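Student: Below you will find the structure I want to go over with you.
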Amino acid sequence: MIEYFVNGGPFMWPILITLLFGFAISAERLYSLLMSSIDAQKFFDEISEKIKGGKVDEAVQLCDRTQGPVAKVFHAGLSRRHHGIAEVEKAIQNAGPMEMAFLEKNMIWLNAVVTIAPMIGFTGTVVGMISAFDAIKAANDISPAVVAGGISQALLTTAFGLIVAMIIQVFQNYFVSRIDKLVLDMEEHSIRLVDQLYDMELTEK
């Protein structure tokens with residue numbers, strides 16, 4: 001592998017840098033998304049029990065101690081409970097996009113790596129082919145030995161660029177699926193929370 005890297009020429013270094021950058025962003029996103037993942041149904045049940053028992057302040061404190069977008073949105077809504085259901089719903093609607101933005105943070109950089117790595121590889125391919133034709137011109141000969149070096153460099157940079165893109169694409173797809181699940185949990189349970197508070201308000205009247 002090291003031999004292939006060396007034979008790929010100078011364009012292998014920026015490809016390697018994009019791979020390391022992609023790994024760094026992937027590690028940050030993996031940690032962040034794992035920390036944001038909770039059992040949303042269990043959490044909702046706990047909050048629901050406290051609300052039914054009239055312990056809204058305890059519910060707010062539980063939200064404050066819990067990680068994840070569901071807890072953050074619940075905290076925003078329940079903190080406005082004393083202002084009425086309309087304010088709770090408004091607070092949840094305002095908090096939702098903020099949590100989504102946090103979940104999608106740095107995802108654009110993974111997309112950049114997926115796009116840029118093959119482009120660097122293709123650029124290396126062009127440079128390698130230019131070197132091959134320069135060798136032909138200088139030697140006035142088109143034998144395989146003359147052009148082998150340039151063609152080899154061209155193929156290696158393309159291959160490594162595509163490999164980097166595929167590796168980071170796998171991470172990106174995984175993160176997108178995790179984000180979609182977290183957003184779905186957040187939206188579903190937020191609606192259920194508002195419905196529960198609304199039903200309680202009708203009962204109190």
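The values are calculated or read from the model by the stated rules, or taken from the named source; none is laboratory data. All values derive from a computational prediction rather than experimental measurement. With ideal geometry, Cβ positions are generated from the backbone for all residues, glycine too; neighbour counts draw on all protein chains shown.
Student: Quick one: which of Ser177, Ser131 is of a type in the set (Ser, Thr, Tyr), modelled with pLDDT under 90 and in a helix (DSSP H, G or I)? Working first, answer last.
Tutor: Details: Ser177 fails: modelled with pLDDT under 90.
The match here is Ser131.
Student: Got a sec? Which of Ile51, Ile108, Ile85 is exposed (fewer than 14 other Cβ atoms within 10 Å of the Cβ), aliphatic (A, V, I, L, M) and either closer than 24 Å to Leu184 by Cβ or touching a helix residue (DSSP H, G or I) at 6+ places or on another chain (Cβ under 8 Å) (or both)?
Tutor: Step by step, each of Ile51, Ile108, Ile85 is checked, and only Ile108 is exposed (fewer than 14 other Cβ atoms within 10 Å of the Cβ), aliphatic (A, V, I, L, M) and either closer than 24 Å to Leu184 by Cβ or touching a helix residue (DSSP H, G or I) at 6+ places or on another chain (Cβ under 8 Å) (or both).
Student: Take the residues in region 135-147 that are in contact with a helix residue (DSSP H, G or I) (Cβ under 8 Å, 6 or more places away or on another chain) and exposed (fewer than 13 other Cβ atoms within 10 Å of the Cβ), then tell me which one is modelled with the highest pLDDT.
Tutor: Ala139
Student: Working carefully through the options Phe44, Phe21, Phe74, find the one that is part of a helix (DSSP H, G or I) and over 18 Å from Leu184 (Cβ atoms).
Tutor: Just one listed residue meets the conditions, Phe21.
Student: Also, I was wondering about something else. Which of the residues belonging to region 1-18 are assigned to a helix (DSSP H, G or I) and under 22 Å from Val114 (Cβ atoms)? Write out each step before concluding.
Tutor: Residues of region 1-18 assigned to a helix (DSSP H, G or I): 2-7, 12-18.
Once the filter is applied, which keeps residues that are assigned to a helix (DSSP H, G or I) and under 22 Å from Val114 (Cβ atoms), region 1-18 yields Tyr4, Phe5, Met12, Trp13, Pro14, Ile15, Leu16, Ile17, Thr18.
Student: A follow-up question, please. Pick from region 56-82 the residues that are within 29 Å of the chain's Cα centre (by Cα) and of a type in the set (Val, Ile, Thr): which of them is surrounded by the fewest Cβ atoms within 10 Å (Cβ to Cβ)?
Tutor: Thr66
Student: Condition first: in a helix (DSSP H, G or I), more than 17 Å from the chain's Cα centre (by Cα), more than 20 Å from Ser177 (Cβ to Cβ) and not small (Gly, Ala, Ser). Can you find one or more residues in region 94-103 that meet it?
Tutor: Yes, there is a match, as at least one residue in region 94-103 is in a helix (DSSP H, G or I), more than 17 Å from the chain's Cα centre (by Cα), more than 20 Å from Ser177 (Cβ to Cβ) and not small (Gly, Ala, Ser).
Student: Filter region 24-41 down to the residues that are of a type outside the set (A, V, I, L, M, F, W, C), part of a helix (DSSP H, G or I) and closer than 15 Å to Ile179 by Cα and list them by number. Even if it seems obvious, please write down each step before you answer.
Tutor: Step one: of region 24-41, the residues of a type outside the set (A, V, I, L, M, F, W, C) are 26, 28-29, 31-32, 36-37, 39, 41.
The next check asks that each one be part of a helix (DSSP H, G or I); those that pass are 26, 28-29, 31-32, 36, 41.
Of everything in region 24-41, those that are of a type outside the set (A, V, I, L, M, F, W, C), part of a helix (DSSP H, G or I) and closer than 15 Å to Ile179 by Cα turn out to be Ser26, Glu28, Arg29, Tyr31, Ser32, Ser36.
Student: Sticking with this structure for a sec: In region 84-139, how many residues are of a type in the set (S, T, N, Q) and on the phi > 0 side of the Ramachandran plot?
Tutor: 1
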